[in-house]
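Structure incoming, see below.
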Amino acid sequence: MHVTHLSLADFRSYARAEVALGPGVTAFVGPNGQGKTNLVEAVGYLATLGSHRVSSDAPMVRMGAERAVVRAAVVQGDRQQLVELELNPGKANRARINRSSQVRPRDVLGILRTVLFAPEDLALVKGDPGERRRFLDELITARAPRMAGVRSDYDRVLKQRNSLLRTAALARRHGSRGGSGGDAALSTLDVWDQHLARTGAELLAQRFDLISVLQPLADKAYEQLAPGGGPVLLEYRGSAGEDLTAAGSREELYERLMAALADARKQEIERGVTLVGPHRDDLVLKLGRLPAKGYASHGESWSYALALRLASYDLLRAEGAEPVLVLDDVFAELDARRRERLAELVAPGEQVLVTAAVEEDVPEVLAGVRYAVAEGEVRRV
């Protein structure tokens, strides 16, 4: 799988940009702040419907513009598809496949798959649980695009349930339950519990399956990056700190979530928020016997984050079309040994997109097409 052409309109700093791409390595080189990351961010957005830099679409629309358009021609085997996304902050985004077919944005998922390495990846090891949940869920969706619908349903149910809990909590604080809607909110909570547990069980099952296949790949990748430094261990922990990695079937997970919701009901009503479920869980990353967060050195943390990305790449490649590899200004963050090892491991990829501030940051093994990026222009050199 690879991108043959990228088109941008009012995306980030670009009023217009047309970039020809092909298999092998393409490096975008130029001073910081000139728009290199904007290009690979656009590629990643087409693959995931999200950015590795921001949590909302608004910052990706050029200042003064109403909308942005990202379009790419994607080749997989002997098939080429044109995928387009229109970003409309405050409104519904639009999507097209092969120009004529208007579809839901999530219907484009799976046409392009990417694995992105970026300085932000260090947060996978050192950051909050939300970073690791996002890592799992984006990889789950890359493996099975239908999971975008499950994730959306879970978020919708969670939002509705939290709204009901807030209503009940306010009613209780004001000492008036029926008149303020508290009883009405509680009367429908059982139904929303079932919806949350059902979609949550599906999401948990997919997370557990992912961890089981990702574990050996991550351990292998870490050994390649830092020989003798492992092993690495991935443990899934629930909101109460329990290890859920070896949990059972979807039905068992559903029953477990229903029981947990029932146990937490009183506390949830008091606090006005859902306290159990996949949105509260964490992926604990261990290096040897200790959690990497708080114990791993800076270099070990980097190796761990890179190992997770390399494992993701190996998994997606083994299960279908080889994803596009994107390395966004990552080499400047690494010491010489890790830089060379990472470059050697990704060099054989079908398509590798690299950004760097200076030529010297691009390892020699990644020699390929070069683009100079400066003052809003992308020029092949």
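Cα convex hull of the range 38-94: mean projected area in nm², to one decimal?
Seen from a random direction, the Cα hull of the range 38-94 projects 4.2 nm² on average.
Compare the peptides 222-229, 248-255 by average per-residue count of other Cβ atoms within 10 angstrom and give them in order, highest first.
Answer by packing, highest mean first, reads 222-229, 248-255.
Could you pull the Rg and Dmax for the chain, using just the Cα atoms, both in Å?
That works out to 22.4, 72 Å for Rg and Dmax.
Which of the three applies to the range 288-333, rounded, prolate or oblate, going by the alpha-carbon gyration tensor with a ≥ b ≥ c and a/c under 1.5 meaning rounded?
It comes out oblate by the Cα gyration axes.
Find the accessible area per residue for the chain; the probe is 1.4 Å, ligands and nucleic acids are left out, and the unit is Å².
Per-residue accessible area for the chain comes out at 45 Å².
Let me ask another. Which cross-chain or sequence-distant (5 or more) residues have an amide H under 5 Å from the amide H of Ala27, H modelled 1.01 Å from N in plane?
Residues meeting the amide H criterion: Val354, Val369, Arg370, Tyr371.
Using a 1.4 Å probe and ignoring any ligands, DNA or RNA, find the accessible area of Thr114 and quote it in Å² to the nearest 10.
It works out to around 20 Å².
Ignoring any ligand, DNA or RNA, what whole percent of the accessible area of the range 253-381 comes from carbon and sulfur when the probe is 1.4 angstrom?
Using a 1.4 Å probe with all protein chains present, the range 253-381 comes out at 48 percent carbon and sulfur.
Rounded to the nearest 500, what is the 222 nm mean residue ellipticity of the chain from helices alone, with -39500 (n - 2.57) per DSSP H run of 4+ residues and division by all residues?
-14500 deg cm²/dmol
Here is a follow-up. Could you look at the range 59-215 and say what percent of its accessible area is carbon and sulfur, using a 1.4 Å probe and all protein chains?
Result for the range 59-215: 47 percent of the exposed heavy-atom area is carbon or sulfur.
Taking the 0 to 90 degree range and rounding to the nearest ten, how far is the long axis of helix 298-319 tilted relative to the main principal axis of the chain, both from C-alpha atoms?
With both axes taken from Cα atoms, the answer is about 90 degrees.
Under a 5 Å amide H to amide H cut-off, with H placed in plane at 1.01 Å, what residues pair with Ser239 once short-range neighbours are removed?
Correct list: Gly277.
Counting alpha carbon pairs within less than 8 Å and at least 6 residues apart, what relative contact order, in whole percent, applies to the chain?
Dividing the mean separation by the residue count of the chain yields 25 percent.
How long are the three semi-axes of the equivalent ellipsoid for the range 63-147, computed from the Cα gyration tensor as the root of 5 times each eigenvalue, in whole Å, largest first?
Listed largest to smallest, the semi-axes of the range 63-147 are 26, 19, 13 Å.
Once the Cα atoms of helix 336-346 and of the chain are each reduced to a long axis, what angle between those two axes, in degrees from 0 to 90 to the nearest 10, is obtained?
Between the helix axis and the principal axis of the chain, the angle is about 90 degrees.
Moving on. Report, largest value first, the span of the C-alpha coordinates of the range 221-364 along each principal axis, in whole Å.
So the three principal-axis extents are 60, 36, 30 Å.
What whole-number volume per residue, in cubic angstrom, does the convex hull of the C-alpha atoms of the range 273-349 give?
It comes to 167 Å³ per residue, whole-number rounded.
Cα axis of helix 250-271 to longest principal axis of the chain: angle in degrees, 0 to 90, nearest 10?
Helix 250-271 and the main axis of the chain meet at about 70 degrees.
Residue by residue through the range 6-19, what is 3J(HN,Hα) from phi via Karplus (6.51 cos²θ - 1.76 cosθ + 1.60, θ = phi - 60°)? Round to whole Hz and write x for glycine and proline.
Taking θ as phi minus 60°, the curve returns 10, 10, 10, 9, 6, 9, 6, 8, 9, 5, 8, 8, 10, 10 Hz for the range 6-19.
Then there's this: Direction-averaged shadow area of the convex hull around the Cα atoms of the range 1-95, nm²?
Result: a mean projected hull area of 6.3 nm².
Please compute the Cα-Cα pair-distance distribution of the range 260-303 with 10 Å bins starting at 0, giving whole percents from short to long.
The calculated distribution, bin by bin, is 24, 29, 20, 23, 4.
What are the principal axis extents of the Cα atoms in the range 181-237, in Å, biggest first?
Over the range 181-237, Cα extents along the principal axes are 61, 18, 12 Å.
The values are calculated or read from the model by the stated rules, or taken from the named source; none is laboratory data. Remember, predicted model here, so these are calculated numbers, not experimental data. Neighbour counts are summed over all protein chains in view; Cβ atoms, including those assigned to glycine, are modelled from backbone coordinates with ideal geometry. Accessible surface areas use protein heavy atoms only, side chains included; no ligands, DNA or RNA. Shrake-Rupley method; radii C 1.70, N 1.55, O 1.52, S 1.80 Å.
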